[in-house]
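The values are calculated or read from the model by the stated rules, or taken from the named source; none is laboratory data. Everything numeric here is computed off the predicted structure, so don't read it as measured data. Cβ placement follows ideal geometry from the backbone for every residue including glycine, while neighbour counts extend to all protein chains displayed. Accessible surface areas use protein heavy atoms only, side chains included; no ligands, DNA or RNA. Shrake-Rupley method; radii C 1.70, N 1.55, O 1.52, S 1.80 Å.
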Amino acid sequence: MALIVQKYGGTSVGSVERIQAVAQRVKQAVDAGNSLVVVVSAMGKTTDGLVKLAHEISKNPSRREMDMLLSTGEQVSIALLSMALQELGQPAVSMTGAQVGIVTEAAHTRARILSIETERLERHLNHGEVVVVAGFQGISNSDDLEITTLGRGGSDTSAVALAAALKADVCEIYTDVPGILSADPRLVPDAQLMTEITSDEMLELASLGAKVLHPRAVEIARNYGVTLVVRSSWTDDPGTRVISPTPQPRPLEGLEIAQPVDAVEFDTDQAKVSLLRIPDRPGVAARLFGEIADQNLDIDLIIQSIHEGNTNDIAFTVTQQSLKRAEAVAAAIAPALRNHADPAYGEAEVMVERAIAKVSIAGAGMIGRPGVAAQMFSTLANAGVNIQMISTSEVKVSCAIAAADCDRAIAALCDAFEVSSSPAQLETFKAHDEAMPPVRGVALDLNQAQLAIRHVPDRPGMAAKIFRLLAEHAISVDMIIQSQRCRLKEGCVTRDIAFTVARADADAAKAALEAAAPELGCGEVTVNRAIAKVSAVGIGMIGRPGVAAQMFQALAKEQINILMIATSEIKISCVVDEAEGVRSLQAVHAAFGLGGNPQVSVHAQREGAVFQ
Ligand code: ADP
Ligand code: ASP
Ligand code: MG
């Protein structure tokens, strides 16, 4: 007999008929001899409706009252599903997050789970009842026992956390698509279903906009080794399995906050090439990285910072052995990248740094936990290490630093995060079989804004201060890019720092930075809300030259200008104009050969039920 946690999303319980169909499915699993805990979301678009109501009353409703309001949606569906099960003769009991004992932080509207009491659940299960639990909600650990919610889409997280706490055999997420596809089928009709995906790849996709799973759900599955499956609630097809390596045992106490970093990794065989003042127009990155790929050179990190006037900087890292050839390609291309639009900017300039090291902290949920990256930056600052490039992803934050600083940096990071260090594990990935596609999936995030801080003094500790400040406001940051170009301002060497945040956080981030700018000695803070972030993710891109070039070429072919580039080992993200987001996604999906026949089954399912 297995213990199964099933979760049904909003559309899966969107009507009386759907709730009855879910009850049938649950009963079938019980009749097959399993014990079931069922997590449900609010019916259909109920949560959106409640948010709208709140905004009709208040422009800036209190977070506490939002939790009070939004948590009601799930309370309706748990009661109805329990009734539907009872109608089928299946004993069932509904429970709110508080009744179960899903204990969270007090942070309203974005609370993280601290612990889950299992005793009451187990008592009901032992009586042969199905326990139907309200998703997305909990109760605070403070004295006043406040109702909290986990953040939009958080029922997935409730389900996986329950599965971890109960040591369930499997957690099944039932939704309105057949599983995890190579892209959102609403935007890319020929997206293909995957039978499997690694939790690292899924973490990246989820945090880059693939909302089929809440990123924190994947994080918990990875950390606790929960078997996770995403399936359609309309069919019996097997769906997609999210594969996690066997994790180190970890305590259930502090479930979503404990030990974010598993290891410190380093790679001392890196060199950096920067091209300054290249024209800000479509096709430049495609051409540069196309020629580098033709030389079969493997690039590690790539960043392109925000433009200044009508030019950009691009920097990338290669192994020291490849530096000479990479530099030659860059030098050969530079004269051709004359800025015709504004001759005053002259030719592109190539700069190289021969001895770079990359130090990384690896774990799960790096972006979702804003304090983690900030802690890395302040640890490096305290060790007197200047950060040259930053690469963020959900599974890793990496900093390129001078090779001479590497040992000091590693020692400080191991100490700060209480973990041991190891050389980067890339070799194991390089051994992957050739059949592995370089890119597994693509995602689009239309809810991001770009912020830039001009004239940040170029000295250790500035990134730490800026990102600590944002972390204190609970603002998660992605795509952090420091310009390669230095400018003198009042005798001080400065750089610009740009990054992306959730659009909803843009005003708060701007206000916090503007308030701190005089003290930090920084210049103006600018915001661009009209952006889209398109990303390609795949473990197969490690050690395979030309993948980034392929993505840039796909965008260039569509005449789409790239505003920012940031890569990590298993993802490439480009910021483009908001209006070009969907077209970019489609172009990149097609370029990596991810398309197939249109998903007939997806369309059939949607009829009437999904895309009302
Ligand atoms: P639920 O209410 O069941 O939680 P969601 O709307 O939160 O459902 O998530 C399912 C939706 O995620 C799908 O309808 C699809 O449009 C979207 N989606 C985005 N990216 C992907 C992807 N890569 N694979 C599958 N679905 C995706
Ligand atoms: N009902 C909540 C939402 O719409 C939680 C969820 O469905 O996961 O965000
Ligand atoms: Mg969802």
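Looking only at the range 20-52, count how many residues are in a helix (DSSP H, G or I) and away from ligand 2 (no atom under 16 Å from the Cβ). Qualifying residue count, the range 20-52: 11. For the range 348-370, the set of residues classified as over 18 Å from S476 (Cβ atoms) and modelled with pLDDT under 90 consists of A348, E349, listed by residue number. Within the range 25-48, the residues that satisfy the criterion of being away from ligand 3 (no atom under 16 Å from the Cβ) and either touching a Ser or Thr at 6+ places or on another chain (Cβ under 9 Å) or open to solvent by less than 40 Å² (accessible area, probe 1.4 Å) (or both) are R25, V26, A29, V30, G33, N34, S35, L36, V37. With respect to the conditions (1) out of contact with any Pro (no Cβ under 7 Å at 6 or more places or on another chain); (2) closer than 16 Å to A443 by Cα; (3) not hydrophobic (A, V, I, L, M, F, W, C), G538 falls short on a single one, namely (1).
Counting only helices (runs of 4 or more DSSP H) that sit completely within the range 145-254, those holding 1 or more residues that are touching a residue at least 24 places away in the same chain (Cβ under 8 Å) and open to solvent by 20 Å² or more (accessible area, probe 1.4 Å) correspond to 199-207, 215-224. Listed by first and then second residue, the pairs linking a residue in the range 45-56 that is within 15 Å of G151 (Cα to Cα) and without any contact (Cβ under 8 Å) to a residue 12 or more places away in the chain to a residue that is assigned to a helix (DSSP H, G or I) and more than 8 Å from ligand 2 (Cβ to nearest atom), with Cβ atoms under 6 Å apart and 6 or more places separating them unless they lie on different chains, form an empty list. Being more than 26 Å from G14 (Cβ to Cβ), assigned to a strand (DSSP E or B) and open to solvent by 10 Å² or more (accessible area, probe 1.4 Å) is a condition met by at least one residue of the range 102-110. Condition check for L80 on (1) of a type in the set (A, V, I, L, M); (2) touching a Leu at 6+ places or on another chain (Cβ under 7 Å); (3) open to solvent by 20 Å² or more (accessible area, probe 1.4 Å): one failure, at (2). Checking each residue in the range 129-143 for being closer than 21 Å to A79 by Cβ and open to solvent by 40 Å² or more (accessible area, probe 1.4 Å) picks out only E129.
When D496, D505, D415 are checked against the criterion of being acidic (D, E), surrounded by 15 or more Cβ atoms within 10 Å (Cβ to Cβ) and either assigned to a strand (DSSP E or B) or out of contact with any Leu (no Cβ under 9 Å at 6 or more places or on another chain) (or both), D496 stands alone in meeting it.
Among the residues of the range 311-331, which ones are in contact (Cβ under 8 Å) with a residue 12 or more places away in the chain and either farther than 25 Å from T500 by Cβ or open to solvent by 50 Å² or more (accessible area, probe 1.4 Å) (or both)? Within the range 311-331, V318, T319, Q320, Q321, S322, L323, R325, A326, E327, V329, A330, A331 meet the criteria.
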